[in-house]
Amino acid sequence: MEKAGIIIGEDGRGRCFWHGGLEDYRRYHDEEWGRPVTDDFRLFEKICLEGFQSGLSWLTILRKRENFRAAFAGFDFEKVARFGEEDIARLLADAGIIRHRGKIVSTINNAARAIELRDEFGSLAKFFWGFEPGPHERPELMDLETLRANPTTPVSVRLSKTLKKRGWTFVGPTTVYAFMQAMGLVNDHLDGCFCRREVEEIRLKFRRP
């Protein structure tokens, strides 16, 4: 790892250290992580997959993501909410995903809660983007020390508490903050990473739901 958590790639561009030089992880870093998302199915997918990640690495989940999508009907929460015991048994037998009954049941429960949010707010996107931190709630410098010192934030704690009160499960503040980072509610690419400026430019033009 080079200074301040930035790795210089073969293309000469600096990137956040955490992709570790792995091609699929680097592609996720470059093309997805931190870029604003408003699609309800993608938002639901991500918060569920963050729950599945608990106790594991995101790379493990990323490499099984297509299997998860196939198993959970593309994370169409209208469909997932109708899953029953036969579906749970099917999922527990699916070696392509993480076969954890509690997390599977949580995803089905959260699908029903997602429908409730969608019906109340018009979209999941409108609900989640209502928790985007203001400039005064963000660090002035996003370096390695800042990133590591803040696995949660006051906003992620508020969002976690709100979701739990609404019946969501596997949505602790650390899980929720990882979701916020990935879905672009915050830009946590490190200073010196080429994506940081790209994401900031996207965010300036981005129309919030």
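Rounded to the nearest Hz, the phi-derived 3J(HN,Hα) couplings of the range 147-152 under the Karplus curve 6.51 cos²θ - 1.76 cosθ + 1.60 (θ = phi - 60°) are 4, 6, 7, 10, x, 9, where x marks glycine and proline. Electrostatic tally near R166: other residues with Cβ closer than 14 Å to its Cβ, Lys and Arg +1, Asp and Glu -1, net +3. Taking every lysine pair in the range 6-205 that is 8 or more places apart or spans two chains, those with Cα atoms closer than 26 Å amount to 23.
Can you give the relative contact order of the range 67-109 as a percent, counting alpha carbon pairs under 8 Å and 6+ residues apart?
On the way: 27 pairs, mean separation 17.0, N = 43.
After rounding, I find 40 percent.
Using only alpha carbon pairs under 8 Å that are at least six residues apart, calculate the relative contact order of the range 6-205 and give it in whole percent. List each step's numbers first, then the result.
Details: 225 pairs, mean separation 62.8, N = 200.
With pairs under 8 Å counted, the relative contact order is 31 percent.
Using the Karplus relation 6.51 cos²θ - 1.76 cosθ + 1.60 with θ = phi - 60°, the per-residue 3J(HN,Hα) values for the range 190-201 come to 6, 4, x, 7, 4, 6, 4, 5, 4, 5, 4, 5 Hz, with x marking Gly and Pro. Between E32, E120, E45, the Gaussian network model of the chain with springs among Cα atoms under 10 angstrom shows the greatest mean-square fluctuation at E120. Note on the chain: helix-only mean residue ellipticity at 222 nm, from DSSP H runs of 4+ residues weighted -39500 (n - 2.57) and normalised by residue number, equals -15500 deg cm²/dmol. What does the charge count around L91 come to, taking other residues whose C-beta lies under 12 Å from its C-beta (Lys +1, Arg +1, Asp -1, Glu -1)? Net local charge, L91 excluded: 0.
Each value in this text was obtained by applying a stated rule to the coordinates, not by laboratory testing. Please read these numbers as outputs of a predicted model, since none were measured by experiment. Cβ sites come from the backbone with ideal geometry, for glycine too, and all protein chains shown count toward neighbours.
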